[in-house]
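Novice: Take this structure, written in structure tokens, and hold onto it; I'll ask about it next.
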Amino acid sequence: MRILLTNDDGIEAEGLQILVNWAKKLGEVCVFAPKVQQSAKSRSIEIHNNYEVKKRDLFGEIEAYSVDSTPADCVRVAILGMKKQFDLVISGVNCGPNLGADIHYSGTVAACFEAAEQGVRSIAFSAAFHSFENAVKNLDRVYEEIGRRRMFDFAQIVNVNFPAEGEEILVTRMGPAIYSDSFDFLEGDMVKPRLVCLYEGTRNLELDTDATMTGHISMTPLTDDLTDISALTRISKKVG
């Protein structure tokens, strides 16, 4: 199996090294990851300026490139630019969760959406902030569970979140946003965003947010089709 690894924390991030060490036993691994931190860049791509794609010797014999752009561009350069073919894209292991509606901003998950656009199945792995131990301990179990449940028979993207502690695996749906922002308006026409936590803890274990925040590993199948099916069905009904 040919596997593309990427992330949004940067090619020298601890989580990516963890992913490389784990994924190389699954098949032939190749790394295309951002040169620098690209968190919360969502699915943005560079279309106006040139950017660097440089081969790096960071992971022994594993072929690796740093891309001076976003996670989505890492996938695009590998597949569309270098014409490499992959059976699976894995993004992460992210330092911090990617849960609920906040995944719309996630560079980690955006790489998976880009993979889906290119017809490649993908997994996003995210861990609790600065706490990779539980993820390392359970990567095998989660990957086996994805296979056991045949998740890729039904979805191209699986978003996985590891709590700091807790090993029970739950299949979930996307919950509401956990974070928002307030803004401080400073001198010199500057604005400083401040992260605001919205999480109230409803303990609905069907949601990725509540499942992960209460110590469960969440696995959420995602789709890149933004069509509002309910609205489409109603709108498409014949009138009269």
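Taken together, the values in this text are just the output of simple stated rules run on the coordinates, not laboratory data. Since the structure is predicted, the reported quantities are computational estimates derived from the model, not experimental observations. Note: ideal-geometry Cβ built from the backbone for every residue, glycine included; neighbour counts use all protein chains shown.
Novice: Which residues, counting only those in segment 124-157, are over 14 Å from PRO97 (Cα atoms) and either among the hydroxyl-bearing types (Ser, Thr, Tyr) or within 13 Å of the chain's Cα centre (by Cα) (or both)?
Specialist: TYR143, GLN156, ILE157
Novice: Out of segment 59-78, which residues are surrounded by 15 or more Cβ atoms within 10 Å (Cβ to Cβ) and more than 15 Å from THR108 (Cα to Cα)?
Specialist: PHE59, ILE62, ALA64, TYR65, SER66, ASP68, VAL77, ALA78
Novice: Then there is this: For ALA110, are the conditions met, namely being among the hydrophobic types (A, V, I, L, M, F, W, C) and either farther than 19 Å from ALA72 by Cβ or more than 11 Å from the chain's Cα centre (by Cα) (or both)? Steps first, please.
Specialist: Numbers: among the hydrophobic types (A, V, I, L, M, F, W, C): yes; either farther than 19 Å from ALA72 by Cβ or more than 11 Å from the chain's Cα centre (by Cα) (or both): no.
Considered against the rule, which asks whether it is among the hydrophobic types (A, V, I, L, M, F, W, C) and either farther than 19 Å from ALA72 by Cβ or more than 11 Å from the chain's Cα centre (by Cα) (or both), ALA110 comes out as no.
Novice: In addition: For segment 119-135: of the residues being of a type in the set (A, V, I, L, M) and closer than 13 Å to GLU165 by Cβ, which is surrounded by the fewest Cβ atoms within 10 Å (Cβ to Cβ)? Break it down into steps so the answer makes sense when it comes.
Specialist: The initial filter retains those residues of segment 119-135 that are of a type in the set (A, V, I, L, M), namely 120, 123-124, 127-128, 135.
Of the ones still in play, those that are also closer than 13 Å to GLU165 by Cβ are 127-128, 135.
Working: ALA127: 27, ALA128: 20, ALA135: 26.
Across segment 119-135, the extreme among qualifying residues is ALA128.
Novice: Please go through segment 95-112 and give me each residue that is buried (at least 24 other Cβ atoms within 10 Å of the Cβ) and under 14 Å from THR70 (Cβ atoms), ordered by number.
Specialist: Selection gives SER106, GLY107, THR108, VAL109, ALA110, ALA111, CYS112.
Novice: From the list PHE152, PHE162, pick out the single residue that is touching a helix residue (DSSP H, G or I) at 6+ places or on another chain (Cβ under 9 Å) and over 25 Å from ASP225 (Cβ atoms).
Specialist: PHE162
Novice: Continuing with the same structure: Just a yes or no: is a residue in segment 165-184 free of Cβ contacts under 8 Å to residues at least 24 places away in the same chain and hydrophobic (A, V, I, L, M, F, W, C)? Break it down stepwise before answering.
Specialist: Initially, segment 165-184 is screened for residues free of Cβ contacts under 8 Å to residues at least 24 places away in the same chain, giving 180-184.
Now restrict to residues that are hydrophobic (A, V, I, L, M, F, W, C): 183.
Looking for residues that are free of Cβ contacts under 8 Å to residues at least 24 places away in the same chain and hydrophobic (A, V, I, L, M, F, W, C), one finds at least one in segment 165-184, hence yes.
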